[in-house]
Amino acid sequence: MILLGLDPGLRFTGWGLISHEGQKSQFIACGTITTKKDGSGLAKRLVHIYDELQRVLMDFDPIEAAVEETFSNVNAKTTLMLGQARAVSLLVPALKGIEVSEYSANQIKKTVSGSGHAGKEQMMRMVKMLLPKAKFNNDHEADALAVALCHAHNRAHNKMLAG
């Protein structure tokens, strides 16, 4: 089965796809959706994220998706803008009928690295260890793959709890 992990952001939204069968996960693809603060407005940036995520879904046809939960930022405006990008990341798969799960940054880090407080470098090393064929260009892509790995590990447990 193909699982999509998303690391939402207004400037950079990372996406990562893995196949997962039994206990084995394999890298499929990853990428970064980039928007620029060029005066075109928030709505156009959100539409760009929406369009690019739709393209990813059409190209790879994942059966489930997972999104990193937003953490509270000291700057309320930044938190609100991140929340809007995150809403698009939740909306696009949901509109396609794809089940979307959410995980906190600490849960993702603990699942992938064993430590809920792992740093970026440690997380990137662990993603590379768990997905040796992964070719990611930045921490957004590595984080998205970590979200997908976290979901692969937790999905059976989540389904049991849901009944």
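All of the numbers you see were taken from the coordinates with simple rules; none came from a lab. From a predicted model like this one, the values you see are computed outputs, not experimental measurements. Positions of Cβ are backbone-derived with ideal geometry, glycine not excepted, and every protein chain shown enters the neighbour counts.
Each of ILE49, HIS117, MET81 was scored by the projection of its Cα onto the charge dipole of region 1-123, and the greatest displacement toward the positive side belongs to MET81; charges sit on the C-beta of Lys, Arg, Asp and Glu. Scanning the chain for trypsin sites (Lys or Arg not before Pro) lying in DSSP loops with no more than 12 further Cβ atoms inside 10 Å, the longest uninterrupted stretch between such sites is 38-132. Computing Rg and the Kirkwood Rh from the Cα coordinates of the chain gives a ratio, Rg/Rh, of 0.95. Couplings for region 43-51, taken from phi via the Karplus curve 6.51 cos²θ - 1.76 cosθ + 1.60 with θ = phi - 60°, read 4, 5, 5, 5, 5, 4, 4, 4, 4 Hz in order; Gly and Pro are left as x. Farthest towards the positive end of the charge dipole of the chain, among the residues THR32, SER101, LEU90, is the Cα of THR32, using unit charges on the Cβ of Lys, Arg, Asp and Glu.
What chymotrypsin sites (Phe, Trp or Tyr not before Pro) in region 59-163 are in a loop by DSSP, with at most 16 other Cβ atoms within 10 Å of the Cβ? Show your work: numbers first, answer last.
Numbers: sites: PHE60, PHE71, TYR103, PHE136; in loops: PHE71, PHE136.
Counting only loop positions with at most 16 other Cβ atoms within 10 Å, the chymotrypsin sites (Phe, Trp or Tyr not before Pro) in region 59-163 are PHE71.
Compared with the dominant principal axis of the Cα atoms in the chain, helix 120-130 is inclined by about 40°. In this structure, the pairs whose alpha-carbon distance is over 21 Å, taken from LYS36/LYS120; LYS37/LYS77; LYS24/LYS128; LYS36/LYS77; LYS77/LYS110, are LYS36/LYS120; LYS77/LYS110.
Summing charges over neighbours of GLY119, with a neighbour being any other residue whose Cβ is under 15 Å away from its Cβ, gives +2 when K and R count +1 and D and E count -1.
The label-point distance for ASN106 and ALA76, in a model that sets each label 7 Å from Cα toward Cβ, rounds to 2.5 nm.
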